[in-house]
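Participant: First, the structure itself, so that you have it in front of you.
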Amino acid sequence: MTAPATAHGLLSGLDEIADIGRDARRGGYSRHLWQPADLELRDWFTGRAVRLGLDVEIDRNGNTWAWWGPRGDDAIVVGSHLDSVPGGGTYDGPLGVVSALDAIARLQASGFRPARPCAVLVFAEEEGSRFGIACLGSRLMTGALDAGRARALVDADGISLEAAASAAGIDPAGLGEDRAALARIGLFLELHVEQGRGLIDLGSPVAVASSILAHGRWRITFTGEGNHAGATRMTDRRDPMLAAARSMLAVRDAAVASTGSRATIGRIEAVPGGTNVISSQVTVWLDARAAEDAAAQDLVTEITARVSAAAAAEGCTAVVAEESWSGAVAFDEALRDRLVHSLHGVPTLPTGAGHDAGVLSSRLPTAMIFVRNPTGVSHSPEEFATLDDCLAGVAALEQVLRELL
Ligand code: GLV
Ligand code: MN
Ligand code: MN
């Protein structure tokens, strides 16, 4: 879609950032908070916003705002994020940011002037890829994440969030609940590429979100006995890698047994991590999700029991520690219905993916517009959306903004 997008002058923002943060090893993009690619993306965003006559500011939690007209409370705020998972795709996050800017550009070109404050908002670290907590910027803003805990988070290189914030020009003392910022948001709209196959089945280029699964992340640490791969008899081992292997199957089995639930181990670290070394410790990260809070918590209780049994069977121990939790979200019904009406009855769709709009929904009305994903693949370099569907998303956002503003 690159050439046509450029040729139309629409969604050209995706082309402008196409080379920022490419990951040659994993494929796709690795764009993580306050690292060079993220800073370059923020510069790009600022430049593009300024070209549209918007007024850019960065809040105390590192979220970037671009105001169309005067700043003020009770604004219509539209946005998403620019960071990615490791080896992520083109659309998850950036499509929402680019579409917001394009929708404003189209409104401006038509001579429309907002009657109430309006801003584009780019949240910091939605994916949690650097510091492990998804929706970091919105969690800090709402106070869902304690500022002291956030400052102490460390990345894979041992750099604390406090130090990384300082290096990026954000005062770590200012992190935390930001009531002034929340007061500025009358309602928040997030356009996002769909991350499943829902819109294929519904035969529509766009939908309005209805709900988000309850979800969370847990760190599971298996401890055994580090030893020599050649000199240690197979019967004499306490190998935490085997405890982890048994646990991965147990995680899958527990999720399958809980209808509609999902559980994933997508990340593993072995200490010390040598080919000829039996590990002393193995850490895996669990992502578990379900339609209801209780179902997700029950699933994790069941997984914890199975993981402990798996570790014991290998002479190891297992410790399960929660890193983050997001309760199920039912989006504001009045706002959802208003969007469906202004978009001539487009379908509504639940999602299994987490979003800043979900975090903010505990404090103010939020809504999401999904753009069809023709393969349903996301969090992958293969993630895709057609130009026509992306343009349908921009048109939907323009229409909704025209009515709300
Ligand atoms: C974010 O995309 C998530 O659902 O983890
Ligand atoms: Mn994502
Ligand atoms: Mn996203």
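No value in this document is a laboratory result; all are computed from the given coordinates. Owing to the predicted nature of the structure, the values given are computational and were not obtained by experimental measurement. FYI the Cβ positions are ideal-geometry reconstructions off the backbone, even for glycines, and counts take in every protein chain you see.
Participant: Based only on other Cβ atoms within 10 Å, what is the fewest-to-most ordering of Asp356, Asp388?
Facilitator: The order, fewest Cβ neighbours first, is Asp388, Asp356.
Participant: Using θ = phi - 60° and the Karplus curve 6.51 cos²θ - 1.76 cosθ + 1.60, what whole-Hz ³J(HN,Hα) does each residue of segment 213-219 get, with Gly and Pro shown as x?
Facilitator: 4, 5, 7, x, 10, 10, 9
Participant: Tell me the relative contact order for the chain as a rounded percent, counting alpha carbon contacts under 8 Å between residues six or more apart.
Facilitator: 22
Participant: At Ser110 and Arg197, where each label point lies 7 Å from the Cα along Cα→Cβ, what is the point-to-point distance in nanometres?
Facilitator: Result for the modelled spin labels: 3.6 nm.
Participant: What is the distance, in nm, between label points placed 7 Å from the Cα along the Cα-to-Cβ direction at Arg25 and at Asn276?
Facilitator: My value for the distance between the label points is 2.3 nm.
Participant: Sticking with this structure for a sec: Which value, in debye to the nearest 20, gives the size of the charge dipole of segment 8-148 about its Cα centre, when Lys and Arg are +1 and Asp and Glu are -1 at the Cβ?
Facilitator: 180
Participant: Using Cβ contacts closer than 10 Å as the measure, can you line up Asp239, Asp74 from fewest to most?
Facilitator: If I rank by nearby Cβ atoms, fewest first, I get Asp74, Asp239.
Participant: Something else about it: Can you list the DSSP H helices in the chain whose Cα atoms extend at least 27 Å along the helix axis and whose mean Kyte-Doolittle hydropathy is -0.5 or higher? Intermediate values should be presented prior to the final figure.
Facilitator: Details: long enough: 293-313 (30 Å, 0.58).
Qualifying helices: 293-313.
Participant: Hey, fewest Cβ within 10 Å first, where do Tyr91, Tyr29 land in order?
Facilitator: Numbers: Tyr91 23, Tyr29 29.
Fewest-to-most Cβ neighbours within 10 Å comes out as Tyr91, Tyr29.
Participant: Projecting each Cα onto the charge dipole of the chain (Lys/Arg +1, Asp/Glu -1 at the beta carbon, about the Cα centre), which of Gly174, Ala290, Gly327 comes out farthest on the positive side?
Facilitator: Ala290
Participant: Where a ≥ b ≥ c are the square roots of the eigenvalues of the C-alpha gyration tensor, would you call segment 1-97 rounded, which needs a/c under 1.5, or, failing that, prolate if a/b is larger than b/c, or oblate? Don't skip to the answer; put the middle values down first.
Facilitator: On the way: a/c = 2.22, a/b = 1.38, b/c = 1.60.
Oblate, because a/c is 1.5 or more while a/b does not exceed b/c.
Participant: With r defined as the distance between the Cβ atoms of Glu16 and Ala163 and R0 fixed at 25 Å, what FRET efficiency is calculated, to the nearest 0.05?
Facilitator: Values: r = 30 Å, r/R0 = 1.22.
That gives a FRET efficiency of 0.25.
Participant: Roughly how many debye, to the nearest 20, is the charge dipole of the chain about its Cα centre, given +1 on each Lys and Arg Cβ, -1 on each Asp and Glu Cβ, and no other charges?
Facilitator: Values: 35 positive and 51 negative charges, 37 e Å.
The calculation lands at about 180 debye.
Participant: Which one of Pro36, Pro117, Pro350 has the biggest mean-square fluctuation once the chain is modelled by GNM with Cα springs under 10 Å?
Facilitator: Pro36
Participant: Is the shape of segment 116-274 rounded, prolate or oblate, going by the alpha carbon gyration tensor and its root eigenvalues a ≥ b ≥ c, with a/c under 1.5 for rounded and a/b larger than b/c for prolate? Intermediate values should be presented prior to the final figure.
Facilitator: On the way: a/c = 3.11, a/b = 1.45, b/c = 2.15.
Oblate, because a/c is 1.5 or more while a/b does not exceed b/c.
Participant: Going highest first, how would you order 247-257, 277-287 by mean Cβ packing within 10 Å?
Facilitator: 277-287, 247-257
Participant: Please sort 390-399, 267-276 by packing, taking for each peptide the average over its residues of neighbouring beta carbons within 10 angstrom, highest first.
Facilitator: Top of the packing list down: 390-399, 267-276.
Participant: Also, quick follow-up: With charges set only on the Cβ (+1 for Lys and Arg, -1 for Asp and Glu), what does the dipole of segment 322-398 come to about its Cα centre, in debye to the nearest 20?
Facilitator: The dipole of segment 322-398 has a size of about 260 debye.
Participant: Further question: Fully extended, how many nm does the chain gain between Arg179 and Ala305 (0.36 nm per residue separation, minus their Cα-Cα distance)?
Facilitator: Extra length from Arg179 to Ala305 when fully extended: 41.3 nm.
Participant: Would you mind classifying the chain by shape? Square roots of the alpha carbon gyration tensor eigenvalues, ordered a ≥ b ≥ c; an a/c under 1.5 is rounded, otherwise it is prolate if a/b is larger than b/c and oblate if not.
Facilitator: Prolate, since a/c reaches 1.5 and a/b exceeds b/c.
Participant: Test of understanding: in a Gaussian network model of the chain with alpha carbons linked when under 10 Å, which of Thr348, Thr235, Thr46 would top the mean-square fluctuation ranking?
Facilitator: Thr235
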